[in-house]
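Input: a single structure, listed below in structure tokens.
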Amino acid sequence: MIVLALVLVPIAVGLALPAIPRSAERAAKTIGMLAAAATVVLAVAARGDEWTLHWLARPFDAALHFGLTPISFWIALLAGVCTFSAVAGTSGVRARDLIALLLLSEGTMLALFAARDLLLFALCWDLMLIPVFLILVRWGEHPAVAWRYFLYNFAGGVVLLLAAVAFGLAAGTTDVIGVPGVHLAGTWVPWIMAGFAAGFLVKTPVWPFHTWMPPTYTSLPPPAAALISGVQSKAGPYGFIAVGLALMPQQMQADARLLIVLGLIGLLYGAFAALVQADVKRIVAYSSLSHLGLMLVAICSFDPLALDGVLVYIVAHGLFSAALFLALGFIEEREETRVLARLGGLDRHDPRLAGAFHIAALAALGLPGLAGFAGELIMLIGVYRAGLILPAILALVAIVTASAYMLRLYQDAMQGPPRPELPVRRDMTWSEGIALAPLLVALIVLGIYPTAILRVDMMPYVPAVQMQVQR
């Protein structure tokens, strides 16, 4: 029952928050932070716990089955920390409503990562879209961005739902996530895997399915961008591991070359696009495209060490991506712009905010001692060890490019000439510090001690060592 509470607590609080008077914005923020913190505690308590309600017997068995796998446990912790920081980073007269939608978004994401039934997984995949769509409609810069986000991801979700149904018809059950030794084989497997891959590629996103992502991240308010970039984008890599590698390993091997090519294109395109962006939020958005492409290449190497690195990097990327979007939101509020050429001199007026942003940027470029470096290094070694020499070299090129665009972002915004037309701004507030502190501390701790995540056994997801079971 603990894992059910993990899913329901943020949803229940999110639905109840609109009942609080608008004048009590501080109370709404406190309640939202407590609810997000509670999900971290519940995620720790829910390890090994499962909740099942069988609800479909024909034409195949399906269940409302929740339970954290060793992989989804870390993503659930990431969701709790990112939601806490996002809620703490909200401000403005409509903060109550935004906090409610952030909690609803967290609840739907936790339901997805805790789902052990493929049909439930597919339904939660589409439910995740609703809170984000509502945020974009109400707070986004352009209504067209909201519809682009929804239509792209809903189309991918529908194909994924059809693939889940087809899996159930072929296997006789969809209650298979995290069940060892259950693999699908047969004539329809290539089409079923293609359906799942379509949903995963759109959500990750991977080139050429990425065009919804930069405008969405740019248009979202910073707390929402932090949560969506930090957590929701991990649904794609998680799906490739928990569904593709675990349930259809032979087909994943057959599709690996194409997926690696797409990952490499996104990896390089995202890095070079970030290098020339004028909008600071677009720099981070395209950097995410590059980082997620690297994860896909590592997943398709099928090397257990590379998969270890993917899990570390899933958590690391979520942390530094959320921290960057929050910090950039605080900067935009002060400077009234997010055009990089119009920023400058922030390290003189806002040294604490500049320091926090510096740590997040260094984690994004892979500085040793921070979690981003540990994940990248392990993935690169694993990809090289798997014999993918050229992909490893190209990934290294993209990583070096990350140093260029992140240092450009930091130096121009923090160390460039100050804008004389603006008065001296206040430095980072207590509320902003509380928002960024958990993310930065986690980046440092996991950079020093990534073994906490590396203890997860990724060998069951390596096709070469799995027994193929006909269903």
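Go through Leu340, Leu305, Leu353, Leu346 for me and flag whichever is more than 22 Å from the chain's Cα centre (by Cα), surrounded by fewer than 23 Cβ atoms within 10 Å (Cβ to Cβ) and either in contact (Cβ under 8 Å) with a residue 12 or more places away in the chain or within 22 Å of Arg426 (Cα to Cα) (or both).
Selected residue: Leu340, the only one of Leu340, Leu305, Leu353, Leu346 that is more than 22 Å from the chain's Cα centre (by Cα), surrounded by fewer than 23 Cβ atoms within 10 Å (Cβ to Cβ) and either in contact (Cβ under 8 Å) with a residue 12 or more places away in the chain or within 22 Å of Arg426 (Cα to Cα) (or both).
Considering only residues that are out of contact with any Phe, Trp or Tyr (no Cβ under 7 Å at 6 or more places or on another chain) and free of Cβ contacts under 8 Å to residues at least 40 places away in the same chain, look in the stretch 99-130 and name the one that is farthest from Gly14 (Cα to Cα).
Looking at residues that are out of contact with any Phe, Trp or Tyr (no Cβ under 7 Å at 6 or more places or on another chain) and free of Cβ contacts under 8 Å to residues at least 40 places away in the same chain, I get Leu123.
Sort out which residues of the stretch 54-70 are out of contact with any Leu (no Cβ under 7 Å at 6 or more places or on another chain) and either in a loop (DSSP other than H, G, I, E, B) or at pLDDT 85 or above (or both), and write them in order of number.
His54, Ala57, Arg58, Asp61, Gly67, Leu68, Thr69, Pro70 - these are the residues of the stretch 54-70 that are out of contact with any Leu (no Cβ under 7 Å at 6 or more places or on another chain) and either in a loop (DSSP other than H, G, I, E, B) or at pLDDT 85 or above (or both).
I'm checking my understanding of the structure. Among residues of the stretch 38-83 that are touching a strand residue (DSSP E or B) at 6+ places or on another chain (Cβ under 6 Å) and among the charged types (D, E, K, R), which one is surrounded by the most Cβ atoms within 10 Å (Cβ to Cβ)?
Looking at residues that are touching a strand residue (DSSP E or B) at 6+ places or on another chain (Cβ under 6 Å) and among the charged types (D, E, K, R), I get Asp61.
Cβ-Cβ distance below 7 Å, separation of 6 or more or different chains: which pairs start in the stretch 1-18 with a residue that is over 10 Å from Ala111 (Cβ atoms) and end on one that is part of a helix (DSSP H, G or I) and β-branched (Val, Ile, Thr)?
If the second residue must be part of a helix (DSSP H, G or I) and β-branched (Val, Ile, Thr), the pairs left are Val9/Thr39; Val13/Ile31; Leu17/Ile31; Leu17/Ile99.
For the structure I just gave you, tell me whether Leu324 is modelled with pLDDT of 85 or more and either surrounded by 17 or more Cβ atoms within 10 Å (Cβ to Cβ) or not acidic (Asp, Glu) (or both).
So Leu324 passes the test.
Looking at Leu15, is it under 30 Å from Ala246 (Cα atoms) and not basic (Lys, Arg)?
no
List pairs: first residue in the stretch 65-76 and in contact (Cβ under 8 Å) with a residue 12 or more places away in the chain, second residue assigned to a helix (DSSP H, G or I) and of a type in the set (D, E, K, R) anywhere in the structure, Cβ distance under 8 angstrom, at least six positions apart or on different chains.
Filtered contacts from the stretch 65-76: Ile75/Lys234.
Out of (1) outside any loop (DSSP other than H, G, I, E, B); (2) surrounded by 24 or more Cβ atoms within 10 Å (Cβ to Cβ); (3) more than 14 Å from the chain's Cα centre (by Cα), the odd one out for Ala86 is which?
Going through (1) outside any loop (DSSP other than H, G, I, E, B); (2) surrounded by 24 or more Cβ atoms within 10 Å (Cβ to Cβ); (3) more than 14 Å from the chain's Cα centre (by Cα) one by one, Ala86 breaks only (3).
Output the number of the condition that Gly48 fails; it satisfies all remaining conditions of (1) in a helix (DSSP H, G or I); (2) out of contact with any Ser or Thr (no Cβ under 6 Å at 6 or more places or on another chain); (3) small (Gly, Ala, Ser).
(1)
Does Ala298 count as among the small types (Gly, Ala, Ser), modelled with pLDDT of 90 or more, in contact with an Asp or Glu (Cβ under 9 Å, 6 or more places away or on another chain) and crowded, with 24+ Cβ neighbours inside 10 Å?
no
Yes or no: Ala16 closer than 15 Å to Val87 by Cβ and either in contact with a Phe, Trp or Tyr (Cβ under 7 Å, 6 or more places away or on another chain) or in a helix (DSSP H, G or I) (or both)?
yes
List the residue pairs whose Cβ atoms are under 7 Å apart, where the first residue sits in the stretch 213-225 and is over 19 Å from Ile99 (Cβ atoms), the second is among the aromatic types (Phe, Trp, Tyr), and the two are 6 or more positions apart or on different chains.
Pro214/Tyr286; Thr216/Tyr149
Somewhere in the stretch 327-337, is a residue touching a His at 6+ places or on another chain (Cβ under 6 Å), assigned to a helix (DSSP H, G or I) and not basic (Lys, Arg)?
No, the stretch 327-337 has no match at all.
Quick one: which helices (runs of 4 or more DSSP H) lie wholly within the stretch 183-288 and hold at least 2 residues that are crowded, with 21+ Cβ neighbours inside 10 Å, modelled with pLDDT of 90 or more and in contact with a Phe, Trp or Tyr (Cβ under 6 Å, 6 or more places away or on another chain)?
Because the criterion is at least 2 residues that are crowded, with 21+ Cβ neighbours inside 10 Å, modelled with pLDDT of 90 or more and in contact with a Phe, Trp or Tyr (Cβ under 6 Å, 6 or more places away or on another chain), the helices (runs of 4 or more DSSP H) in the stretch 183-288 that meet it are 189-203, 222-230, 235-239, 249-275.
Please go through the stretch 19-37 and pick out each residue that is closer than 22 Å to Phe73 by Cβ, surrounded by fewer than 19 Cβ atoms within 10 Å (Cβ to Cβ) and in contact (Cβ under 8 Å) with a residue 40 or more places away in the chain.
If the condition is that a residue be closer than 22 Å to Phe73 by Cβ, surrounded by fewer than 19 Cβ atoms within 10 Å (Cβ to Cβ) and in contact (Cβ under 8 Å) with a residue 40 or more places away in the chain, then Ala37 is the only one that fits.
List the pairs whose first member sits in the stretch 79-98 and is under 23 Å from Tyr238 (Cβ atoms) and of a type in the set (A, V, I, L, M, F, W, C), whose second member is outside any helix (DSSP H, G or I) and at pLDDT 90 or above, and whose Cβ atoms are under 6 Å apart, counting only residues at least 6 apart or on separate chains?
Filtered contacts from the stretch 79-98: Ala79/Val231; Cys82/Val231.
Taking the options Leu258, Leu289, name whichever one is touching a His at 6+ places or on another chain (Cβ under 6 Å) and under 18 Å from Val202 (Cβ atoms).
Result of the check over Leu258, Leu289: Leu289.
State which residue is nearest to Arg342 (Cα to Cα) when the search covers only the stretch 296-314 and only residues that are part of a helix (DSSP H, G or I) and either of a type in the set (S, T, N, Q) or touching a Lys or Arg at 6+ places or on another chain (Cβ under 9 Å) (or both).
Of everything passing the filter in the stretch 296-314, Ile314 is nearest to Arg342 (Cα to Cα).
The values are calculated or read from the model by the stated rules, or taken from the named source; none is laboratory data. What you see is a predicted model, and the numbers here were worked out from it, not measured in a lab. Because the Cβ atoms are built from the backbone with ideal geometry, glycine has one as well, and the counts that use them run over all protein chains shown.
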